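First the structure, in the form of structure tokens, and then the observations on it.
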Amino acid sequence: MAAASDASAGTATIHTGPGYTGSYFDPPLGGRTGLWSWLTTTDHKRIGLMYLYAMGTFFLVGVALGIMMRLELLNPGMQYVDHRTYNTFFTLHGVIMIFLFIVPGIPAILGNIILPLQLGAEDVSFPRLNLLSWYVYMAGAFMAVTSLFAGGGTPDTGWTFYAPYSLRTGTNVSLAVMAAFVLGFSSILTGMNFITTIHRLRAKGMGFFRMPLFCWGLYATSWIQVIATPVVGITLVLLFMERTVGIGFFDPARGGDPILYQHLFWIYSHPVVYVMILPAMGIISEILPVFARRTIFGYKAIAMSSMAIAGVGYLVWGHHMFTVGMSDTARWVFSLLTFLVAIPTGIKIFNWVATLYKGSIAAEVPLLYAATFIFLFSIGGLTGLVNGALSTNIHIHDTAFIVGHFHYTMFGGAGIGLFAGLHHWFPKIFGRMFNRKAALAAWGLIFVGFNVLYFPMLVMGIMGMPRRYADYLPEYHLPHMISTFGSWILAAGIVLMVVNLVRSARHGERAPDNPWGGTTLEWQTTSPPPQLNFAKVPENPGDPYDFTRIIAERGQGR
Amino acid sequence: MHDAHATAHAEHEHIVPDGLQVLIWISLMLLTLITAGASILFPGRVGIGVAMVVTPLKAALILMFFMHLKYEKPVFRWMFLTAMAILAVVMGLTFFDYSHR
Amino acid sequence: MNTQAATATGHVVHRDPVGAKTGMWLFLFTEVLLFGGLFVVYAVYRQMHTADFHEAAYELNRYMGVANTFVLLTSSLTMVLAVGALQRGQAGRSLRWLGATFALAAVFLVVKYFEWSAKYSHHIFPGQEYLKELPHGQDLFYNLYFMMTGLHGIHVVIGMIVMAVVFAKIRSGAVRAGRHGMLEYTGLYWHLVDLVWVFLLPLFYLTA
């Protein structure tokens, strides 16, 4: 927020509305200034930034926990922590990274800031609800953090809270699951807001198939948030009731079925991995045309594949449960359905590569991150097929291979997608450019560090290294060591990136309105945008990826 | 979006006649009686079978008339059907496990 | 949009009833799926313990269940009449129908109270040791019964609170013909509460 007030330095004007060309960092009407004007804002851009600051903090905490786990695994034997503490580490790392960062991350941060701009709207449909969802998020985050210290101690169940262990452990699981419940509520509110916004607030003349692809990604995501989140909500409530009153639903001693908990949990939690990845895919679909200065290849195919992924995402949750004692029929059905996800994903990757083909490519930082996404997510996707196949799944279930796989998809996909989007829209959001050299160096460190950290996990997983173990046999020493070295490189890259972005938000060069030569509506307003986004309300925006005018003005080459 | 929906009254608004709603209510009460009667007189298969047919019918009446779905834009019906379809599919897939244990 | 900013520069504050209704329906979907999760649990355990479920359902008073269905269906009717009256500009009439809806909701809760306390006096209540001694299927049935009707009851209470707020707003004229969205959305919510009950009735009371 310090960066925010700085960006507005020298402009004390309080005018707003059509014709206004100031910045959303200016104090709004009503005499509210400083922190108070932020805490009471209904401006989608300011709310997005408040999410960014909160989630950025939690992300760094999650990174620190990850580093500590890797440190313990550097050598065989127990060095720094005991087994119990290590259990709380991976639970915390998972809860923070999943519930507080990667699930709500891209929609709440970039979705909030960019969606109304891309649609040519003044704000989302329900601005006050939008602010409320931030407060609900903060309340959930507060509960999650409290659960670490209060009562019986930090939860040690893993982020999935599997019954029956989660029913028996004396740690603070009850508060943690209620925190997840509250966070889910925040996610639902955001989803409802975005669906309504997309249906009602598109610029005049912008049909559904004239929307930028990031909006399509968010649309598919929002449907998952609205339809799937309540299921985990009720599941967590049942877990809570089971712990407090004892209702027997997941307790085998009373005829309950712990596997039913897993079903209910993954009915939500598998679709939710597409909540993480679909908006990231949307970001990639925005970045590639801009930096190839070429229209997107297969617009409709990409838009529809987002919806297809969201739909198919509901059909495959059982692949998390191949070894828990499901019926054989369910196992082959879920395995078969799982392979369907590869089709729309493959369509996307094909279209992205085809967009770059014969494009006039500028290897700027956002494009490098986007390319990194395609590379890492492809590894994540292909290792996913190994997990989805029944026979191989039995071998690699609950091994480090799984950990490697989902970090390639979640971090290499959603996380890198968020980094790509942050760099892509940074000039628009803050009105300043980031330091290019530092950003390039940070990207290099992240790319190298990421692979050095996670690739050995795939290898040792196949060798038989179980996940969630604090100790291991000497034969796994080498891959563990390499992996830990990688974590240091990756952490250095992340720190450099964060420092660079924070510094640039304050001191960077002033950014032009359209630094990269983008064609979608957010580039047609000022950087940073005024309070109601557009001095002149856009109409009939036409093809979102028509580069004719950009090429005429700036040339085909670079 | 500007001015696109500036006037609320421009949106067509349908007022369902009170008489029709009372008729719907009477039907719902009768259908409830039928379900309850069937389950008391023919407990077991028949009673449950009647309930399985009549209950969705009652739900449809509530949705279409009390909740106005019949008079809303088609997109509302599509959205509702999507949500229902997902719930049905999820339920069905769960039983691939429980029916074949 | 920022209402303050909008009015200060003199441009029209947009109202979008269709948008608001879209949001309301999306919210209702989340409610359906919330109960949907419980329906999945019910279906699974009913299949695993069919005989126990039939056995346990005998303990529930089906006459009370059916009576309460009549109460809720009637409250749904008074709710649509309240909305219709307000749409036609008859605020007084609308208030009377809304008051009737509120009263019927209260009747529903009173009947529920008697049902629950009868069960409680027989030690049939979540957390009671007696339940654990029953066959597994019956134990699960009663716990499901209390979870689902309990969650439904919470929704009834919330509905009553919202109705009281809307009642006050109609009296003050904040909610009126042409600006009746809030009453309409309350109605939608109330019908959903009714809709859920329509399914709970055969699942618990008429399954014996």
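Data overview
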item	result
Other-chain or far-sequence residues with amide H under 5 Å of A:Thr399's (modelled H)	A:Arg467
Which of A:Leu218, A:Ser378, A:Ala535, positive extreme of dipole for the range A:2-554 (C-beta unit charges)	A:Ala535
Computed accessible area, A:Asp513, all protein chains, 1.4 angstrom probe, square angstrom	70 Å²
Unit charges at the beta carbon, dipole of the protein assembly as shown: most positive-side option, B:Gly92, B:Leu28, C:Leu200	B:Leu28
Ranked order, A:Phe149, A:Phe126 - accessible area, probe 1.4 Å, largest first	A:Phe149, A:Phe126
Value of relative contact order over chain A, rounded to a whole percent, pairs C-alpha under 8 Å and six or more apart	20 percent
Relative contact order for chain C, counting Cα pairs under 8 Å that sit 6 or more residues apart, in percent	32 percent
Cross-link reach list, lysines versus C:Lys132, counting only Cα pairs under 20 Å and skipping chain neighbours closer than eight places	C:Lys119
Only Lys, Arg (+1) and Asp, Glu (-1) charged, at Cβ; the protein assembly as shown dipole about Cα centre in debye	1600 debye
By accessible area with a 1.4 Å probe, ligands and nucleic acids excluded, highest first: order of A:Trp332, A:Trp223	A:Trp332, A:Trp223
Radius of gyration and maximum dimension Dmax of the range A:117-169, Cα, Å	17.8, 52
³J(HN,Hα) computed for each position of the range B:33-48 - Karplus, 6.51 cos²θ - 1.76 cosθ + 1.60, integer Hz, glycine/proline x	4, 4, 4, 5, x, 4, 6, 7, 6, 10, x, x, 3, 5, x, 5
For A:Met138, solvent-accessible area (1.4 Å; no DNA, RNA or ligand), Å²	60 Å²
Anchor A:Lys437: aspartates and glutamates whose Cα lies under 13 Å away (excluding residues fewer than 8 positions away in-chain)	A:Glu364
More than 20 Å apart - percent of Cα-Cα pairs taken over the range C:17-205	58 percent
Amide H contacts of A:Lys204 (H built 1.01 Å from N, under 5 Å, at least 5 apart or other chain)	A:Asn540, B:His2
Helix-derived mean residue ellipticity, 222 nm - over the protein assembly as shown, DSSP H n ≥ 4, -39500 (n - 2.57), to 500	-23000 deg cm²/dmol
Square roots of 5 times each gyration tensor eigenvalue, C-alpha, the range B:16-67, largest first, Å	25, 11, 4
Signed unit charges on C-beta, dipole axis of chain C, positive-most listed residue C:Gln128, C:Phe27, C:Ala85	C:Ala85
Integer Hz, Karplus 6.51/-1.76/1.60 couplings in order for the range A:323-333, x for Gly and Pro	9, 8, x, 5, 5, 4, 4, 4, 5, 6, 4
Share of Cα-Cα pairs in the protein assembly as shown lying beyond 37 Å, as whole percent	47 percent
Solution diffusion estimate, µm²/s, Stokes-Einstein, the range C:15-61, Kirkwood Rh from C-alpha pairs, 10 °C, viscosity 1.306 mPa s	120 µm²/s
Partners for A:Lys536 among lysines (Cα-Cα distance below 19 Å; same-chain residues under 8 apart left out)	A:Lys45, A:Lys204, A:Lys428
Computed over the range A:164-303, Cα set: Rg, Dmax in Å	19.8, 63
A:Tyr165 accessible area, assembled protein chains, probe 1.4 Å, Å²	110 Å²
All-pairs alpha carbon distance profile, the range C:55-136, 5 Å steps from 0, percent	3, 14, 17, 15, 12, 11, 9, 7, 6, 4, 2, 1
Percentage relative contact order, chain B, counting C-alpha pairs under 8 Å, at least six apart	18 percent
Normalised alpha carbon radius of gyration of chain B [divisor 2.2 N^0.38 Å]	1.52
Largest-first ordering by accessible area, 1.4 Å probe, given options A:Phe59, B:Phe96	B:Phe96, A:Phe59
Whole-number D in µm² s⁻¹ for the range A:63-210, Kirkwood Cα-pair radius fed into Stokes-Einstein, 4 °C, 1.567 mPa s	75 µm²/s
Under 5 Å, built H, 5+ apart or other chain: amide partners of A:Val245	none
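The values are calculated or read from the model by the stated rules, or taken from the named source; none is laboratory data. Predicted, not measured: the structure shown is a model, and the values here were computed from it. In this analysis, Cβ positions are derived from the backbone assuming ideal geometry, glycine residues included, and neighbour counts consider all displayed protein chains. Note: accessible area is taken over every heavy atom of the protein model, side chains too, but ligands, DNA and RNA are not part of it. Shrake-Rupley method; radii C 1.70, N 1.55, O 1.52, S 1.80 Å.
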